[in-house]
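Heads up: the structure comes next, in structure tokens.
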Amino acid sequence: MTELKNKNLLEQIAVWNEEEEYQKIADALLAVPEEERTPELVSELARAYNNLAGGENGDESMYRRAIELLQSVEEDLKEDHCWNYRMAYAYCFLDEPWEALPYFEKALEIRPGDEDTGEMIDYCLGSMTLPRFEKPFSQRVREGWDAFLAGEEGLRQGIDEKRQGDEIIEQCNKLLKPAFSDVSFELGYNGSKHELILSPEGDKAKLFQLVYFQKHAPKEVLEHWNILVGRQRSCSFGLQIFGQNVSAEDILVRVKQQGDDELELFLYCEKLISFLKQDENKAYWMMYIMLDNVIGEVAAMRYIGRVELSEEPLDGETFSLEKLPEYLDQKFSGQDGEIMDADKYCERYTVYEMKPSEEEDADVRMDIYVGGTNCPALINQYWNNDADTVNAYHKDGIAAGFLYYPLQGFTGEDRSGKILDFRDMVSEEILAGAGADAVTFIGGASGIYFGYIDFIAWDLKTVLDTAVEVLREKEIAWAVFHSFRRDVNGIILKSDQNDGQR
């Protein structure tokens, strides 16, 4: 009887799908007790959520719900075309084409020649090659600050009234949601202004995004708020562990130089010994939280390398953790100003050298022998065929990529100088035309065959439109935009000839 009911229901669902009555499908399937829903019915419910999400009253949470439902029946349906297509569809319309692509490819493998699936594969590859956003980050930031401004008075009131922490966090999350798909933050009050502290969570690539957002805070917001990037110093900061209060005074530090401007820390805290033996990972996590708050998160990211928690008292010269901020100020503050300045840290430049590949069919950037960057994560991840940062950026309407062009036209004396001058000239002209609201240049490189200009685009269309105009007048045969994804192709911006182009 149940099998007949399900068959009849599936037939009715097919009719409703033809009539685009997706809410009727969802209502009918939700009326079926959960324990009686077959994998096929669960998959149909996910399909209904996918279709409702794209409707007038839909939202992205319906796509997330569809994914959860489909994951619950993966073992039963992972070889089914529709199951794979529906998983891919949800990820695709969450603007995560890199997640969608493997499912679309599996769906096509199961049903070779399916035109709809083939078109969606092309769409995903195209979106990864030339990132497509409903709203670029520059627009999301404007809308985010508009939302924050509209709701900040209520947020201040909630902080002043000491409402439940979860309630305040959720309230602030909603205000920041137009700008960020995900952001870590803390809220506070310093006696004169409320504070929104945006945390990069140790990720310098995230720092660029947060600094951009901070710089665009409206003056009306700044009348009542300090917008800060990175946890700030607080030598009075403490943690409660196993009922014990652990403060900076309780922790001894031995410092070892590790390179010109990086320190290795050895830490010992008698109160933490039993906790360290019981849960080492959590002990380290809590110690990093302590470091962020005692010396400042940006300073910790910039100057602290390896950290080791010791179960035994430390040998050699030690001092309490509360003295570490003073130590850092004396050792590093003269280098480039305030050591807790997130903007200055973003400008910090790293030079790298590579052994170039001389193979003509090697991947783009594999011919590089020298370069410089202030966002090493993008460079390292590209070489490792890892797109974690690019994916995180993409969710917020940010594109990380580079321009590349042939170098055979640069000849004669001081060839290297001419290559660098050209790179600087193009970067400056694009920045002047597109504006700092659209692009941040993060370095460049020279290869055996090609020159490279690296950037983060807060509004990719504006950047590329400007680049086309700038490059049109330059004496190079061609130029290409390429995302910091290893497994995609480039987009031609200028093409006088195709020789040597990849």
Taking placed amide H atoms and a strict 5 Å upper bound, the residues 5 or more places from VAL370 or on another chain that come that close are MET354, SER446
Taking placed amide H atoms and a strict 5 Å upper bound, the residues 5 or more places from ASN226 or on another chain that come that close are HIS194, GLU195, LEU196
extent check for region 383-452: Cα max minus min per principal axis, descending, whole Å, gives 45, 32, 14
The rounded separation in angstrom of the Cα centers of region 197-267 and region 381-402 is 25
Counting only protein heavy atoms and leaving out ligands, DNA and RNA, the solvent-accessible surface of SER192 at a 1.4 Å probe, in Å² to the nearest 10, equals 90
Among region 425-455, those whose backbone N falls under 17 Å of a label point 7 Å along Cα→Cβ from GLU473 are 425-435
Using alpha carbon positions and the Kirkwood radius, the Rg to Rh ratio of region 60-133 is 0.97
Sorted by accessible surface (1.4 Å probe, heavy atoms of the protein chains only), largest first, LYS162, LYS418 come out as LYS162, LYS418
With DSSP loop assignment and no more than 10 other C-beta atoms within 10 Å, the GluC sites (Glu not before Pro) in region 136-245 are GLU161, GLU223
In Å², rounded to a whole number, the accessible area per residue of the chain with probe 1.4 Å is 50
Per the helix-only model, the chain has a calculated mean residue ellipticity at 222 nm (DSSP H runs of ≥4, -39500 (n - 2.57) each, divided over all residues, rounded to the nearest 500) of -15500 deg cm²/dmol
Candidate cut points under GluC sites (Glu not before Pro) in region 61-114, DSSP loop plus at most 13 other Cβ atoms within 10 Å of their own Cβ, are GLU79
Length gained if ASP343 through ALA432 is fully extended, taking 0.36 nm per residue and subtracting the Cα-Cα distance, is 30.0 nm
Phi angles of region 256-264, converted by Karplus (6.51 cos²θ - 1.76 cosθ + 1.60, θ = phi - 60°) into ³J(HN,Hα) in whole Hz with x for Gly and Pro, give 10, 5, 9, x, 5, 9, 9, 10, 9
Quick P(r) readout (region 170-326; Cα-Cα; 10 Å bins; whole %) gives 10, 35, 32, 19, 5, 0
Under the 7 Å Cα-to-Cβ spin-label approximation, SER333 and LEU239 lie apart by a distance in nanometres of 2.7
Region 354-502: relative contact order from alpha carbon pairs under 8 Å, six or more residues apart, as a whole percent, is 30
Going residue by residue through region 422-433, the Karplus relation 6.51 cos²θ - 1.76 cosθ + 1.60 with θ = phi - 60° gives ³J(HN,Hα) values, rounded to whole Hz and with x marking Gly or Pro, of 5, 4, 5, 4, 5, 4, 5, 6, 5, 4, 5, x
On the formula 1/(1 + (r/R0)^6), with r taken between the Cβ atoms of LYS418 and ASP361 and R0 of 25 Å, the FRET efficiency rounded to 0.05 is 0.35
Per DSSP loop assignment and a cutoff of at most 14 other beta carbons within 10 Å, the chain keeps its longest run without exposed chymotrypsin sites (Phe, Trp or Tyr not before Pro) at 1-241
Excluding ligands, DNA and RNA, the carbon-plus-sulfur percentage of the accessible area of region 382-502 with a 1.4 Å probe reads 46
The computed P(r) of region 224-292 puts the percent of Cα pairs beyond 20 Å at 39
log10 I(q)/I(0) for region 278-415, Debye formula on C-alpha points only (no solvent), q = 0.09, 0.14, 0.19, 0.20 Å⁻¹, two decimals, reads -0.47, -0.94, -1.25, -1.30
Working note, the chain: Cα radius of gyration (Å, one decimal) and Dmax (Å, whole number) are 26.9, 88
Distance in nm between ILE491 and LYS256 label points, each 7 Å along Cα→Cβ, equals 4.8
Full extension between ASP388 and GLU74 adds, at 0.36 nm per residue less the Cα distance, a length in nm of 110.6 nm
Given the candidates GLY397, SER199, PRO39, the one whose Cα lies deepest towards the positive end of the charge dipole of the chain, counting +1 at each Lys or Arg C-beta and -1 at each Asp or Glu C-beta, is SER199
A chain fully extended from LYS282 to GLN23 at 0.36 nm per residue, minus the present Cα-Cα distance, gains in nm 88.7 nm
Trypsin sites (Lys or Arg not before Pro) in region 31-137 lying in a DSSP loop, each with at most 15 other Cβ atoms within 10 Å of its Cβ, come to LYS78
Each label sits 7 Å from Cα toward the beta-carbon; between THR350 and LEU30 the label points are separated, in nm, by 4.9
Once phi for every residue in region 132-137 is put through the Karplus expression 6.51 cos²θ - 1.76 cosθ + 1.60 (θ = phi - 60°), the whole-Hz ³J(HN,Hα) values, with Gly and Pro written as x, are 10, 10, 4, 9, x, 4
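The values are calculated or read from the model by the stated rules, or taken from the named source; none is laboratory data. Fair warning: this is a prediction, and the values are worked out from it, not measured in the lab. Methodologically, a virtual Cβ is constructed for each residue, glycine included, from the backbone with ideal geometry; neighbour enumeration extends over all protein chains shown. Note: accessible area is taken over every heavy atom of the protein model, side chains too, but ligands, DNA and RNA are not part of it. Shrake-Rupley method; radii C 1.70, N 1.55, O 1.52, S 1.80 Å.
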